[in-house]
Amino acid sequence: MALSPGGTLSVETLDRSDSDPLDEEPWQATCEIRLAGRGPLATFFLCTCPFSWRGLHVVVPVLEPDTEHSMDVILVGSSELSAPASPGPRRDLLAYEVKVNQRDIEDMCICCGSFQVHTQHPLFEGGMCAPCKDKFLDCLFLYDDDGYQSYCSICCAGETLLICENPDCTRCYCFECVDTLVGPGTSGKVQAMSNWVCFLCLPFPRSGLLHRRRKWRGWLKAFCDRESESPLETYKTVPVWKREPVRVLSLFGDIRRELESLGFLESGSTPGTLKHLDDVTDVVRRDVEGWGPFDLVYGSTPALGHACDHPPAWYLFQFHRVLQYARPRPGSQQPFFWMFVDNLVLSQEDQTVATRFLEADPVTIQDVCGRAVQNAVHVWSNIPAVRSRHSGPASREELTLLAQDRQRTKPPAQGPTKLVKNCFLPLREYFKYFSTELTSSL
């Protein structure tokens, strides 16, 4: 092993004449090279380089030592695999099937290793079976209270997750996916890094078997539109350098505090960023177009226990009317989101009308303490993953009793806007946010 001219580290080809002629089995070994480089996107590159007695020439670039660094990244190339000693789970054989059996990775589910491929993974090269596709659609846009996605961006599962430390990224990756697709032991190396940048943020597309798709945002939109059962359109996510602050029209209920705590609105932001209206009786299209354009329209019925100036269905019909005024013109590619929240005051007939008018099925989001439902709301929305953001099914009778109880007692400590607060987190894929750390009010 020597430093060759031109600033490259070389592993010279081995001469077979120096080997034992009786030893016909190739000797597998791994040479790990850790280069302390300094650059705008990388501090370390890790590369595993296979070599055998049959000869292999490896060239690894040496990074310039004089440039400044900002983040640690990892690049691991997997070595040639020999046949496993004993059969294991199908996913453990994924690398062996690709490297040794020359199977196309698009013909295997990279989430579980199944050969029953239903479609292609939208973010990385590889297939996806039907069960993993359903799980991916349900979980991709789910977020935890810390502001990061709840599940692995590859398999939408995983118990222990590695979090991307790019401040503009919220994605996570499970240990199993990283070790299986990038290289054994990679998860441990990532853990040891001070700042790790994930596989969708790195400037280079390939890490081991994990190969980021070109134009993956378009792939993701097409995947959701094609595979989802929802008739609602999925908007293409926006690169961070193109994201703008969200412009909000809030009807009846004010969500300024919630959006500020999530970082979408700056504290003390100008009134033009969020427009709040309690009464829209005299509002016409010209008014909405003059205030806009808007990216998010929110509306709700009054909370249980509060006085209503109008019948409950009035809030639904006025929201639908103003929503039509605020929509982008046909053919616009502008991401546009809306949400209507019923605080259990709409009748069953009114809920059916809401589903027909808004062209979306409602989701019940609950505040559950033990086995008791403390509070609940019905939500209609086109925000990604709202349909998955529920705490479990509740019977109609249980919700009716809860509504009757709320009318007799004081309003719950956790108001309706608190229940739907985390539903806005997927908007981080589309709009600028001003804080990277969520407040403790979450």
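Values quoted throughout were computed directly from the atomic coordinates according to the rules given, and no laboratory measurement underlies them. Quantities reported herein were computed from a predicted structural model and do not represent experimental measurements. Please note: Cβ atoms are built from the backbone with ideal geometry, for glycine as well, and neighbour counts cover all protein chains shown.
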> What is the calculated FRET efficiency for Asp309 to Arg226, with r their C-beta to C-beta distance and R₀ = 45 Å, to the nearest 0.05?
Replying inline: 0.50
>> Just to be sure I understand the model, the point goes 7 Å from the Cα along the line to the Cβ. What's the resulting Val238 to Asp92 distance in nm?
In response: 4.6 nm
>> Could you give the length gained by full extension between Ala130 and Arg327, i.e. 0.36 nm per residue of separation minus their alpha carbon distance, to one decimal place?
In response: 67.5 nm
> Between Glu165 and Glu359, what FRET efficiency follows from the Cβ-Cβ distance if R0 is 41 Å, with the result rounded to 0.05?
Replying inline: 0.55
> Phe317 to Gln348: extension gain in nm, 0.36 nm per residue of separation minus the Cα-Cα distance?
Replying inline: 9.6 nm
> Cα gyration tensor of segment 215-284, axes a ≥ b ≥ c as square roots of the eigenvalues: rounded (a/c below 1.5), prolate (a/b > b/c) or oblate?
Replying inline: oblate
> Which FRET efficiency, nearest 0.05, do Asp104 and Ser194 yield, Cβ-Cβ r, R0 45 Å?
Replying inline: 0.75
>> How far apart, in nanometres, would the label points at Thr273 and Arg257 be if each is projected 7 angstrom from Cα along the Cα-to-Cβ direction?
In response: 1.7 nm
> Scattering from the C-alpha atoms of segment 92-227 alone, worked out with Debye: what is log10 I(q)/I(0) at q = 0.09 1/Å?
Replying inline: -0.24
> Which of the lysines could be linked to Lys236 by a straight reach, that is with a Cα gap under 18 Å, when you skip same-chain ones fewer than 8 residues away?
Replying inline: Lys215, Lys221, Lys432
